[in-house]
1. Determine whether residue B:20 is in contact (Cβ under 8 Å) with a residue 60 or more places away in the chain, in a helix (DSSP H, G or I), surrounded by 20 or more Cβ atoms within 10 Å (Cβ to Cβ) and more than 27 Å from the chain's Cα centre (by Cα).
2. How many residues, within region A:557-574, are over 39 Å from the mean Cα position of the chain (by Cα) and either part of a loop (DSSP other than H, G, I, E, B) or touching a residue at least 24 places away in the same chain (Cβ under 8 Å) (or both)?
3. Looking at residue B:169, is it within 13 Å of residue A:209 (Cβ to Cβ), in contact (Cβ under 8 Å) with a residue 24 or more places away in the chain, surrounded by fewer than 23 Cβ atoms within 10 Å (Cβ to Cβ) and facing another protein chain (nearest Cβ under 9 Å)?
4. Only residues that are closer than 30 Å to residue B:603 by Cα, in a helix (DSSP H, G or I) and at the interface with chain A (Cβ under 10 Å from one of its Cβ atoms): list them for region B:621-656, please.
5. State all residues of region B:609-620 that are facing another protein chain (nearest Cβ under 10 Å) and either in contact (Cβ under 8 Å) with a residue 40 or more places away in the chain or under 29 Å from the mean Cα position of the chain (by Cα) (or both); if no residue qualifies, say none.
6. Looking only at region B:229-243, decide whether some residue is assigned to a loop (DSSP other than H, G, I, E, B), surrounded by 14 or more Cβ atoms within 10 Å (Cβ to Cβ) and within 14 Å of another protein chain (Cβ to nearest Cβ).
7. Can you work out which of the residues in region A:632-658 that are touching a strand residue (DSSP E or B) at 6+ places or on another chain (Cβ under 8 Å) and free of Cβ contacts under 8 Å to residues at least 40 places away in the same chain is nearest to residue B:446 (Cα to Cα)?
8. Go through region A:214-228 and give me each residue that's within 31 Å of the chain's Cα centre (by Cα) and either assigned to a loop (DSSP other than H, G, I, E, B) or within 14 Å of residue B:201 (Cβ to Cβ) (or both).
């Protein structure tokens, strides 16, 4: 360990962070300054990575959970050799720069996940460690341990106050994720002041109760950190938390240790004091200390050699295990759309009734058999969500190849953990709960959409037809508010055959998450027109056309309301009127179609109605008025499903009446 | 303690629960059966309450956090004498009964809060304990301790797995809420099976780390529970967790202790076995054991006497402390709308610029001075949210009269804690964070709306004008998805004067929560027409009318986009066109107006545009098409606010261009 070099890296990290934030007149210097020695040590001495190839599969993952400290990450990515020129640091937080205010995955090389909303990164790291264990168990052989890296994260007080980190830590301890090491920047400062104001729990005791090894080190003493890390890595049966009692903004002459340095530039005067104390020239903007470049140049050679040596190991493993290698390649190529189309999916007789959650469970078995990287679980509702892969085992501390996950009643962590698993590479993940509890995991779903992760959500019990459980368990606004998230596609299949297509749609997506909104109650299989499967993927298609007098009346419906629309439509047609019923399993996809397709489904000038067991918001775009939407714009009520639907007016009778108004 | 009577109450609780669930063919027998002795003891021997007056202010509060066990509560409410006849138990989970699937506050006498979504009730109880401490500190005198009750909750494994309960427990320990006692039904069973599958943390250690006293008792041994409770009540400096290792579904001959009894009726055969084992007649539907009625009849006399004795104490206190009594009455009468109208609120010069978060901070000071029961806090963002009452102190373990709350970075618990404070009675509460983080507290906001609690949310940094922090911190879909919650009113004031009115609107509400969506950046004070204040409360009003040629073009805008609309509108008018600009601070309120008012603001046949820094969904109801909405239907980006707005097309230029298309 070259301590003088590391000290210079730390000094440089402070300098770059202070200057970038000063230039932007915006940002958070507290973390990069307080954690500068740690950062130097982490990127120089700890991480097994190769900045020349940020996608190396056996790299250590590092997640900056405290994403507001983004200049910590950008400085280190720049210095260690990732594709992040100094000019980009100078353009910190500016339009189109590679250095946005919070780290964004897919935008900046070396950023493993998008962070900023607190606690999310910590839970992503838990997901990465799960994926690492699964991948290692699946592919490693005694001779060729191709996956042996670690997962690191840096969390602050804010991350550890959030409930999501408790959920994720409890799960990590339960699963004995020994490859996970979390560093805790314990600077005792939050935005409102000292953590004494709100956060006086014993974090060490909490994590020990979760089954973690808890260690402490001095973040300004490299040997101390080394010692703690050695102990952390030695314990392969427990995740480790290394507490680093730190001084926020260390190096700022008057503001260090105070909340004034957390989230605002130092200011000219304080910066001068900082430079003076550090021995940085008064005009040393974006100063890089002596020896830093040389230090990392040397490291880059070592890292390159390490990856090359791994490449050789990987080739040996490939030769010795060709079947595994084929599987590895398949997993990393993503879902094979041709193979997907060739699968024999469940068939349903017209007129038979199946709950779409049950149809989903059936098709899942076929998909999981063919795509062995498809895996996931439920937040303690698997028997209701029908989300288990029946032929597979449970993932656990003892069984790392299980593909069924028991996330516990921890919806929020589940959302962020599956994000981490998806980020890891090679896996297709799903997460299941009741639709109404999607609210609990909403921040994680938003991040999946922002990161364009192809996660699949199995959200069952998708309407007031939940029945007796009542308003707390009956989704009302949930379909609308999930559709509201940019990039998230919500699919609400109307029967078993549509459910097959919904799953195919979700698995074909490469650039974003999908919701499968599934019924608790049985839905009747309806007759489909020719070519419907192709049009399903376009979001909507006509399922019934009856000729008659006058203008065309179109009824759009999703999921369980398609039968309501068909009923009302047939009755209306029997009055001699011209009617079309449209199944719209995916409003998001339909709105992305060209005008010609849209007009072919909903001809211009037609009178349009919509039916969905939820709020009307979002349907007026087709109907022109809320009066033409059969919706539920209030909370539900506890009663058997059909009675609830009648009381709430969600019936073919009412739709027919609306059509005659 | 009459143990034979309590045993009969327990037997009856089991019997009523089993039969009600069997009759409904739906429900959760596991908890009421497993906790039957505890329930008998709690309602018979522990709670200081008076079923004849569920609103007695010094009653103990009991929250069934594990709301799925609703028959536990309904059985005990019925037996102890609340207004809940046996017929209602027989109509469990049926339309219009007083016994919905999960307990609903305001629907059934004696139900303190609506529960079902796990962890919420636990956090509500923390809020009630905070309110209890605040109220006691405010009103108790050495001679007349009018508030001396306790707050109890029963939580299950599911509640304690949820992150919200960790957040709330950490806060409760920090605040040393000695009046709070949580019972933990530790039955080791969740829906997927044994808690060993997902939940092996040491709950006791976790709560000790949070600063709680942790005790254990046998839920089938009254003396054991008494002993633990005595210790819990003796420790006035710590909340207490009493762990009750239980057998789920105890009394079910073959299903007890298994997850099959958690959430499904016993079935005819199992019920017969249960009745046989318990000595209940084979045809004993809704069996009530001997002595139970007499036992509770005796208790009711004691409870009535206790309340009468408290009434006397309260009258003595009133005589001795008339000023306090006046304040007490004012607090419980709710916000005085006349007094509110008479207040001298901040004034703003036309053309001056103020961020509405700053305007909110200013008006809050005036409101808080007049309404001394107005209190709240932030999830560690008070300096940014401007949510502190500057002349008041912080609520803490040492200072129970503080009105500023440091909730810590715990948005979800904050949401549920303020619900608990609002439920307590006499208080007007607010909670603050960034608008984008409303996602973290969404399940609690939904429950506030379902319970019709007049909570106020201060959500600042309400658009992409957050700027540099980037997409993780820029709300896009949040205004739409908050409006989507039934009963929640979203207010987005366009300047300081509108901000005053928004606060007045929120405080006048008695039947639901309000969101104040506030800007980070300065907004220019605009000229108002006569009578605008009255029309503000109707949700929208015209602020600019310029005569011209052709059809009328109306531009609707909210908050910071009003200036964009005014710009574009004036430019369009300068082309000779007829233009109106409408400020719509509350879309929810406007849509509730009669057709005449709506048509007076947006005349039929006009060409309508809308402008808001968020998704277009919900605006087509006015504009008829998404093409006429100046919106942002993608995630934001990191750049200074104005640059971000330009890059995202949120400008008067683009609106003007849309108007000319």
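1. On the way: in contact (Cβ under 8 Å) with a residue 60 or more places away in the chain: yes; in a helix (DSSP H, G or I): yes; surrounded by 20 or more Cβ atoms within 10 Å (Cβ to Cβ): yes; more than 27 Å from the chain's Cα centre (by Cα): yes.
For residue B:20, the condition - in contact (Cβ under 8 Å) with a residue 60 or more places away in the chain, in a helix (DSSP H, G or I), surrounded by 20 or more Cβ atoms within 10 Å (Cβ to Cβ) and more than 27 Å from the chain's Cα centre (by Cα) - is met.
2. Let us first name the residues in region A:557-574 that are over 39 Å from the mean Cα position of the chain (by Cα), namely A:567-574.
Filter once more, so that each one left must be either part of a loop (DSSP other than H, G, I, E, B) or touching a residue at least 24 places away in the same chain (Cβ under 8 Å) (or both): A:567-573.
Looking only at that region, the number is 7.
3. Values: within 13 Å of residue A:209 (Cβ to Cβ): yes; in contact (Cβ under 8 Å) with a residue 24 or more places away in the chain: yes; surrounded by fewer than 23 Cβ atoms within 10 Å (Cβ to Cβ): no; facing another protein chain (nearest Cβ under 9 Å): yes.
Here the answer is no, as residue B:169 does not meet what is asked.
4. B:621, B:622, B:623, B:626 - these are the residues of region B:621-656 that are closer than 30 Å to residue B:603 by Cα, in a helix (DSSP H, G or I) and at the interface with chain A (Cβ under 10 Å from one of its Cβ atoms).
5. In the first step, residues of region B:609-620 are kept if they are facing another protein chain (nearest Cβ under 10 Å); the result is B:614-620.
Across region B:609-620, the qualifying residues are B:614, B:615, B:616, B:617, B:618, B:619.
6. Within region B:229-243, one or more residues are assigned to a loop (DSSP other than H, G, I, E, B), surrounded by 14 or more Cβ atoms within 10 Å (Cβ to Cβ) and within 14 Å of another protein chain (Cβ to nearest Cβ).
7. A:649
8. Across region A:214-228, the qualifying residues are A:214, A:219.
The values are calculated or read from the model by the stated rules, or taken from the named source; none is laboratory data. Quick caveat: nothing in here was measured; it's all calculated off a predicted structure. Counting neighbours? That spans all protein chains shown, and the Cβs are built from the backbone with ideal geometry, glycine included.
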